[in-house]
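Below is one structure; the comments refer to it alone.
Every number in this text was worked out from the coordinates using simple rules, so none of it is lab data. Not measured: the values here are computed from a predicted model. Counting neighbours? That spans all protein chains shown, and the Cβs are built from the backbone with ideal geometry, glycine included.
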Amino acid sequence: MTLAYSLVVAVLFGTGAYLLLKHDLIRVAAGVVLVSNAANLFIIAAGLSRGVVPVLPIPGGESVADPVVQALVLTAIVISFGVSALLLSLVYRVYTSHLSLDLEDLSGADEEESEQELASLTGRSIGTGRGA
Amino acid sequence: MLVFPLGVLWVAAVVLSLLDGRRQRVGYLAVGALTISVIGLIVLLIDILNNGRAEQVAGNWAYGVGIQLRADVLDVTFALLSVGVILVATTYEVLGRVRSRAFPALACFMATGLIGLSLTGDAFNFYVFFEIAMIAAYVLAGYGERTRQLRAAIIFIIVNLLGSVLFLISVAGLYHLTGTLDLLEIQRRITIVDQQPAILLATMIFVAFAIKLGIFPFHFWLAAVYTGTRPAVAAMLSGALANIGSYGLIRFGTTMPRELEIGAPVLLALGSVSIVYGGFQALSARSATEVLAYSSIGQVGYILIALGLGGHLALVAAILFSIVNAVNKALLFLAVPLRGWLVGGIIAIAAFSVAGVPPSSGFFGKLGIFRAAVADDQPLVIALIFIGSLLSFIYMFQIYNARFWEISAEESREGVVPTPIARRSLVCVLAAFVIVIGLWPEPLIYLSEQAAIAVEAGG
């Protein structure tokens, strides 16, 4: 069981990390989702124990499954869900303003913006970078 | 008592998120809530200095069942520092014009998360509050909503999410290894558990906090984000949010002392590389905010060096330097875009402080590390502190020179438009604070001493 868990966590994390290195923002977002779910699965794996349901009354002599990790993973799932939603909305915001999902295009647009700013501040080698 | 500073901000943040933050009145509500929280933290700090550690289990649950809040001097000091910086940055933005309705609420949420993670005594709640602060920061990084801010926000969110996930995995690992999430219990049990997995976990925790701080091999996101965000947000990120990194390194480093000692050469090496790399990058940067961003990379190197040196003196120095550095960075990010009378003086003070020249507070920050290095007999580190200070002296005065001595073509044509006096006086107060600490450093040194004693005694 532990081996199965560790294999799944490894594959999920590896795939996620690979996707994070892409230029396409949707793939990056998918990578973030995969990586955070790998972490959730890891939490479950950290408290992997066989036993009865941890609800009182507990039949005498039986070992109990660890309830702490389940509480932890619930919280972690909610957090990763929220962050993924936030990331996707940010990606959508980028798409609506640039009609592109490529991180390179975004840097290009940024550079144009700062070059325009620099041009308007002629003769200054070092400045605030964005005006007062 | 313990819940008060946290609760005030939490309630305020929820209420504020329903209001339109672009109105100045709403902004002042946020400033008021932050001020109340700061006062609460000061009262708490005085109480803890007199009576020792404060503990409380939320909701009257039994010890070990409910959510544990625990505050020693280190916790409250860092909470106070972070909320103080957020208070100044929020006031700065409110005195101008707030451009987004969510800004005051987000500032309060970030402060809530930062207080929470300092006051909690439990590794998982540390993660939860850490995420509350981070999520607020993710949204704030996009504040301004121009291409540059959007790009900064995307880079910031992706890199830091990876850091958070690493931290979450190591918290789960700590639970698996020690069977508890209570930081005090972990500190007790970590010395008797198997060392190999503990080293692995310590490495992951280090990487997670190093990403937050922007230490050398993990710095790649920092320059784009700090130069891309607006000044108030950059001040919050570098003066408050980065405290997660320094506080986390100090807290978890003292929780796992055996692993810290093994990792000490790595900390020293990475710290040195950070100082030199940050210094040279700052020298060749083309805009003032870029100089500041790279200077942040260099300055956090000193915290790593202090931790790597080890021992009581070095721990005190690490705490003192983290505080001084956070105030310096907040001051600089807020001061650089300003124009008009007094601003030159403010920048000069901040520059002296970063370079570590008396009578500014930065002098005592560096002096502590210097003394720890001398006590530990590390000539290389001593030389490095000199080189680092020299570099920072040069790049800080490059900013000063370009901003105040060479009048640009545009300015000579149109004349300088000064910033409103309210903003300037606010930053002036912060600069005065830096000088006062430099002239009368005893309270801060005493505070760092007590904080170091508290963490060394356990939790």
B:VAL434, A:VAL91 arranged by Cβ crowding within 10 Å, fewest neighbours leading: A:VAL91, B:VAL434
All other residues with a Cβ under 10 Å from the Cβ of B:TYR63 taken together, and with Lys, Arg as +1 and Asp, Glu as -1, what is their net charge? -2
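Which of B:CYS428, B:CYS108 comes first, and how do the rest follow, when ranked by fewest Cβ neighbours within 10 Å? Write down the numbers at each step before the final one.
On the way: B:CYS428 18, B:CYS108 30.
Starting with the residue having the fewest Cβ neighbours, the order is B:CYS428, B:CYS108.
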Rounded to the nearest 500, the 222 nm mean residue ellipticity computed for the protein assembly as shown from DSSP H runs (n ≥ 4, each -39500 (n - 2.57)) alone is -25000 deg cm²/dmol
Could you state the number of Å between the C-alpha centres of region B:267-333 and region B:1-44? 31
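Inside 10 Å of the C-beta atoms of A:75-84, what's the mean count of C-beta atoms belonging to other chains? Working shown, then result.
On the way: counts 5, 8, 0, 2, 9, 5, 0, 2, 9, 1.
Shielding by partners across A:75-84 averages 4.
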What list of ³J(HN,Hα) values in whole Hz, one per residue of region B:373-386 in order, does the Karplus curve 6.51 cos²θ - 1.76 cosθ + 1.60 (θ = phi - 60°) give from phi, with Gly and Pro shown as x? 5, 5, 4, 8, 6, 10, x, 4, 5, 4, 4, 5, 4, 4
Which net charge results when you count Lys and Arg as +1 and Asp and Glu as -1 among the other residues whose beta-carbon is under 10 Å from that of A:LEU101? -2
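Using a cut-off of 12 Å between beta-carbons, work out the net charge of the residues near B:LEU19 (Lys and Arg +1, Asp and Glu -1, B:LEU19 not included).
+3
Summarise the partner chain shielding of B:160-172 as one whole number: the mean count of Cβ atoms from other chains within 10 Å of each residue's Cβ. Before the final figure, lay out each step's value.
Details: counts 1, 11, 7, 0, 6, 13, 2, 1, 10, 9, 2, 5, 13.
The per-residue average across the peptide is 6.
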Could you list which residues have their amide H under 5 Å from that of B:ILE67, counting only those 5 or more apart in sequence or on another chain, with H placed in the peptide plane? B:ALA58
Peptide B:149-159 - average C-beta neighbours from other chains (10 Å radius): 5
In terms of the Cα gyration tensor, with a ≥ b ≥ c the square roots of its eigenvalues, is the protein assembly as shown rounded because a/c is under 1.5, prolate because a/b exceeds b/c, or oblate? prolate
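Which of B:GLU449, A:GLU62, B:GLU131 has the fewest other C-beta atoms within 10 Å, and how do the rest follow up to the most? Working shown, then result.
On the way: B:GLU449 16, A:GLU62 9, B:GLU131 24.
Ranking B:GLU449, A:GLU62, B:GLU131 by Cβ neighbours within 10 Å, fewest first, gives A:GLU62, B:GLU449, B:GLU131.
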For region B:116-178 and region A:6-81, compute the distance between their C-alpha centroids and round to whole Å. 17
What list of ³J(HN,Hα) couplings, whole Hz, do you get for region A:86-91 from phi and the Karplus terms 6.51, -1.76, 1.60, once you set θ to phi - 60° and write x for glycine and proline? 4, 4, 5, 5, 5, 4
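Could you work out the relative contact order of region B:84-134, using alpha carbon pairs under 8 angstrom and six or more residues apart, expressed as a whole percent? Each step should come with its number before you reach the end.
On the way: 32 pairs, mean separation 16.7, N = 51.
Taking the mean separation of contacting Cα pairs over the length of region B:84-134, I get 33 percent.
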Which order, highest average first, do A:49-61, B:217-229, B:60-72, B:90-102 follow once you tally other Cβ atoms within 10 Å for each residue and take the mean per peptide? B:217-229, B:90-102, B:60-72, A:49-61
